[in-house]
Amino acid sequence: MTKQFKRYLVTSALPYANGPVHIGHLAGVYIPSDIYTRYLRLKGCDVISVCGSDEHGVPITMKARKEGVSPQEIVDRYHNIIRKAFRDLGMSFDIYSRTSSATHAATASEFFRKLYNEGKFIEQTTMQYYDEEAQTFLADRYIVGTCPHCQNEKAYGDQCEQCGSTLSPEELINPHSAVSGAVPVKRETTHWYLPLDQYEGFLRKWILEGHKEWKSNVYGQCKSWLDLGLQPRAVSRDLDWGIPVPVEGAEGKVLYVWFDAPIGYISATKDLTPDWERYWKDKDTKMVHFIGKDNIVFHCIVFPAMLEAHGGYILPENVPANEFLNLEGEKISTSRNWAVWLHEYLEEFPGKEDVLRYVLCANAPETKDNDFTWKDFQARNNNELVAVLGNFVNRALMLTQKYYEGVVPPRGEMIEYDRQTVADLAAVKGSLEANIENYHFREALKDAMTVARIGNKYLADTEPWKVIKSDPERVKTILNIALQITANVTIAIEPFMPFSAEKILRMLDIQPLGWERLGATDLLDAGHRIGTPSLLFEKIEDDVIQAQLDKLAATKAANAAEETVQSIDPQKDSISFDDFQKMDVRVSTILAAEKVVKTKKLLKLTVDTGIDTREIVSGIAEHFTPEELVGQQVLVLVNLEPREMKGILSRGMILMGEDASGKLVLLKPDSRVNSGAVVG
RNA sequence: CGCGGAGUAGAGCAGUGGUAGCUCAUUGGGCUCAUUACCCAAGCGUCGCGGGUUCGAAUCCCGCCUCCGCAACCA
């Protein structure tokens with residue numbers, strides 16, 4: 001726990017190169033990681049920070065196929081966007097690599113080979129679905145068909161999103177490939193598996209006993225996985241995009257992306273320095289993985305098991321995973337374009353890199369999901385950055401210009417209040433350090449801002465603009481101290497807001513100061529001439545915020561329009577009159593309705609069909625409350641084959657209209673008729 | 001009953017057994033060097049709900065509700 005490490009290795013989750021990076025990625029992973037790294041560097045620690053694009057896997061091949069380009073084109077495009085955006089935001093990775101690099105192919109292959117040669121894998125042959133037209137094996141998710149439970153025609157091979165039931169591809173009616181539309185066939189395939197179950201004891205001891213200090217969300221997730229029991233996990237896939245399995249007779253197979261991606265951290269380090277082994281294999285190195293909560297199992301269970309199986313590698317000392325960030329109350333979604341994209345922000349808010357860094361850190365989802373709103377962004381900029389930080393720096397520098405033509409005045413005898421202020425200033429360092437080292441970046445940022453708050457209070461209390469008239473000598477001391485506080489600001493905020501720290505340094509016309517000098521009052525020499533003051537931050541007006549809100553509203557409208565287009569299904573094949581006659585639809589009256597327990601969408605309805613009184617289970621609980629349904633007349637297909645759902649036999653189907661947004665409406669007679677009236 | 005996390009002032013969040021706190025917003029006062037910013041003070045809470053343990057519970061235990069994530073390749 002109190003072990004002293006000689007060096008640090010910081011990793012940040014590899015962004016998946018099928019889209020750009022958005023504020024959720026930043027708040028969850030990259031901002032914390034950069035703060036941590038910059039802090040350690042400022043302290044003079046031996047630290048390297050590695051990252052890179054994760055460029056393999058099925059979604060990238062799907063996207064390429066859809067656009068009619070090669071996977072390489074897709075990953076090149078996003079790799080470049082992401083890399084540039086990171087750099088422009090001031091992410092201080094020592095290297096930003098990529099998993100399509102030659103180094104990575106070699107590293108991952110070697111890693112696999114060693115485990116293979118030492119018999120660490122098990123080999124299994126199974127039957128998998130294959131798309132003969134596209135000549136590719138299909139993951140369950142890429143098989144689409146009709147749900148046997150609710151007749152939804154767009155159910156996936158693993159789940160029906162309409163009724164929520166878990167499916168296997170075998171259960172789908174009329175299954176077809178989401179790639180080509182072909183009917184999938186079963187084909188035999190052999191894969192290698194990492195028997196995670198064999199590492200359970202090792203992981204249990206390492207995490208559950210050795211790392212009780214991990215964040216509760218991380219520890220809890222690990223414990224649950226371990227208690228449930230681990231299963232062997234396939235490390236190869238049938239795919240033509242990825243790192244070929246480096247074994248005889250494994251043509252057409254690549255390393256499964258989860259296996260190759262974390263090795264990307266190692267390859268990136270290799271690309272950075274020939275001395276990479278010191279960072280990965282020396283027990284005196286502290287490795288920290290910054291990730292989002294969805295990645296916990298890979299970084300705490302799977303990758304450590306891989307490293308243990310390989311041998312010789314150190315394990316992460318901590319994995320400070322964050323929760324998720326929402327945008328204006330809704331989940332961020334790449335596919336629905338519901339996001340603030342980093343590269344767009346950088347273009348639309350030039351020079352405001354630190355504002356985003358500040359807001360995302362101050363509101364980082366450290367313990368639970370948080371919400372990013374543009375109003376909050378504006379308020380934090382105007383009320384905190386402009387009012388507290390920018391204003392203090394501006395006050396101190398303007399007073400110095402005004403009274404001393406920009407020359408730092410000498411400090412005379414300090415009074416008790418000065419000494420108290422200096423003591424308060426010195427006290428910030430310990431708290432700030434503890435918070436960063438414990439991954440409490442929000443609190444740490446508050447500590448950094450406290451330095452500016454101390455400065456504002458000091459000026460307000462000592463009132464140099466008044467004292468100048470009665471005791472000019474005293475004002476020299478006051479401003480000297482105010483300027484020392486200003487210099488301290490540059491140290492305290494550097495990990496969080498490097499651009500602003502740099503800007504203040506230029507205004508003071510001094511060189512960067514090391515972390516250890518935080519709290520000192522000899523950062524500026526009397527007689528030193530400071531540079532020209534300029535505003536650190538500017539107010540963000542309502543129209544700028546409104547423009548962003550409009551942009552999001554436009555996204556929403558575009559999504560709705562697209563859904564409308566997609567949801568108007570083409571006319572189905574003709575049926576005979578006889579076929580139509582087979583359907584028995586009756587006007588029925590709902591007598592009772594109740595939610596089916598432990599389901600999200602199901603209602604159990606008791607209806608009077610005129611023929612009898614029967615129970616029907618319907619997936620409409622998200623659209624109607626039981627109360628509003630009772631007494632309503634609806635159309636019911638009464639001779640539909642009965643089906644059991646959640647242990648209740650459902651005899652018939654309530655007919656519904658579904659509009660573009662997926663909203664359901666009842667179809668009912670325009671005046672009341674007797675139950676049992678025939679529809680036709 | 002699949003597993004994990006979260007629910008605290010108008011908003012965003014700290015707080016793991018001992019007088020409920022921080023930032024912002026609100027209200028009042030002070031200041032007028034400063035980007036109308038700053039400083040001081042006040043108001044604002046059945047700590048999700050219901051039980052229990054305890055001298056004492058936001059905190060520990062039991063049950064329930066709601067939101068999010070994982071399982072199911074978006075951080």
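The values are calculated or read from the model by the stated rules, or taken from the named source; none is laboratory data. These figures come from a predicted structure and were not determined experimentally. Cβ sites come from the backbone with ideal geometry, for glycine too, and all protein chains shown count toward neighbours. The accessibility values were calculated without ligands, DNA or RNA, using every heavy atom of the protein model including side chains. Shrake-Rupley method; radii C 1.70, N 1.55, O 1.52, S 1.80 Å.
Descriptive notes on the structure:
- Packing-based order for A:183-189, A:113-119, using average beta carbon neighbours within 10 Å, highest first: A:183-189, A:113-119
- The packing ranking, built from the mean of other Cβ atoms within 10 Å per residue, places the peptides A:476-489, A:535-548, A:68-81 in the order A:476-489, A:68-81, A:535-548, highest first.
- Principal axis analysis of the Cα atoms in region A:283-433 yields extents of 66, 44, 25 Å, listed in decreasing size.
- Diffusion constant of region A:438-503 at 4 °C, which comes from Stokes-Einstein with the Kirkwood Cα-pair radius and 1.567 mPa s, µm²/s: 99
- A simple spin-label model places pseudo-atoms 7 Å from Cα toward Cβ; at A:Gln420 and A:Glu170 they are separated by 7.8 nm.
- All lysines inside 18 Å of A:Lys352 as judged from Cα atoms, apart from same-chain residues fewer than 8 positions distant: A:Lys84, A:Lys375, A:Lys503, A:Lys539
- The radius of gyration of the Cα set in region A:320-398, together with its Dmax, comes out at 14.5, 49 angstrom.
- Across region A:410-459, the convex hull enclosing all Cα atoms gives 73 Å³ per residue.
- Contour excess over end-to-end distance, with Cα ends at A:Glu330 and A:Val185 and 0.36 nm allotted per residue: 48.3 nm
- Listed peptides A:630-640, A:342-352 by packing density, highest first (mean Cβ within 10 Å): A:630-640, A:342-352
- Heavy-atom surface of region A:422-487, accessible at 1.4 Å and reported per residue (Å²): 39
- Direction-averaged projected area, Cα convex hull, region A:181-255: 8.1 nm², rounded to one decimal.
- Efficiency of FRET from Cβ geometry, A:Glu118 and A:Leu549, R₀ 56 Å, rounded to 0.05: 0.45
- Measuring nothing but protein heavy atoms, the accessible surface of chain A at 1.4 Å probe radius is 50 percent carbon and sulfur.
- Coordinate range along principal axes, alpha carbons of region A:158-312, Å, largest first: 58, 38, 26
- Take the convex hull of the alpha carbons in region A:427-573; its mean projected area over all directions comes to 15.2 nm².
- Scaled against the 2.2 N^0.38 Å expected of a compact globular protein of N residues, the Cα radius of gyration of region A:358-486 reads 1.23.
- The ellipsoid equivalent to the alpha-carbon distribution of chain A has semi-axes of 57, 35, 22 angstrom, derived from the gyration tensor eigenvalues as √(5λ) and listed largest first.
- Note on region A:24-77: Cα convex hull, mean projected area over all directions, 5.0 nm².
- Using the Stokes-Einstein relation with a Kirkwood hydrodynamic radius computed over Cα pairs, the translational diffusion coefficient of region A:292-338 at 25 °C and a viscosity of 0.890 mPa s comes to 190 µm²/s.
- Mean Kyte hydropathy of 0.0 or more with a Cα span along the axis of at least 24 Å, helices from DSSP in chain A: A:472-493
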